[in-house]
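The values are calculated or read from the model by the stated rules, or taken from the named source; none is laboratory data. Here the structure is a predicted model, which is why all the values come from computation and not from measurement. A quick note on method: Cβ atoms are made from the backbone with ideal geometry, for glycine too, and the neighbour counts reach across all protein chains shown.
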């Protein structure tokens, strides 16, 4: 359910800490690794090459699911797709692991218990070195969440751990990325 982990492909995958990786990764995972290495090298140049680097859905999904991004405890089976300006994310989420025993008598908290399939749709873009995510909808096991419930969960369980993450998030893009254009099946990142 972590908004950044499910939907923020271009930021989360680029800022993830490098971990030792098994040699048996898919070609898509290795391609994503090479693109991230290129973005890091390009960012270190006095004048980065502004030609966009494209991250494809298969590369991003392989990277998320084969250990390239350290997912929050309780989040697994991430699958992202994209259309113009929109990222569509699915994940298997164990809310007990995310909430780490923080119960409440509030009825809204009961919506976020157990293990469920979560689906989120967000507008995503980046320009002028800043990224923007605006969650349009979220559902648990196919049941649409009211915006009020989504905002409550984010404020109570996500924002305290990640102060810059919420239902509507604006953030500095890493690695001197100036723009992030979300298109059908890919995200194009241009450095400046």
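Computed quantities for the displayed model
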{"quantity": "Test: residue in the range 111-121 that is part of a helix (DSSP H, G or I), over 22 Å from residue 53 (Cβ atoms) and at pLDDT below 85", "calculated": "yes"}
{"quantity": "Residue 49 being at pLDDT 95 or above and over 14 Å from the mean Cα position of the chain (by Cα)", "calculated": "yes"}
{"quantity": "Scope the range 67-93; condition assigned to a loop (DSSP other than H, G, I, E, B) and at pLDDT below 95; matching residues", "calculated": "67, 68, 69, 70, 71, 72, 73, 74"}
{"quantity": "Pairs with Cβ under 7 Å, 6+ apart, first in the range 181-192 and at positive phi and modelled with pLDDT of 95 or more, second crowded, with 18+ Cβ neighbours inside 10 Å and part of a strand (DSSP E or B)", "calculated": "185/82"}
{"quantity": "Per-region count, the range 124-152, residues within 17 Å of the chain's Cα centre (by Cα) and part of a helix (DSSP H, G or I)", "calculated": "1"}
{"quantity": "Residues within the range 154-177 that are surrounded by fewer than 18 Cβ atoms within 10 Å (Cβ to Cβ) and assigned to a strand (DSSP E or B), tallied", "calculated": "4"}
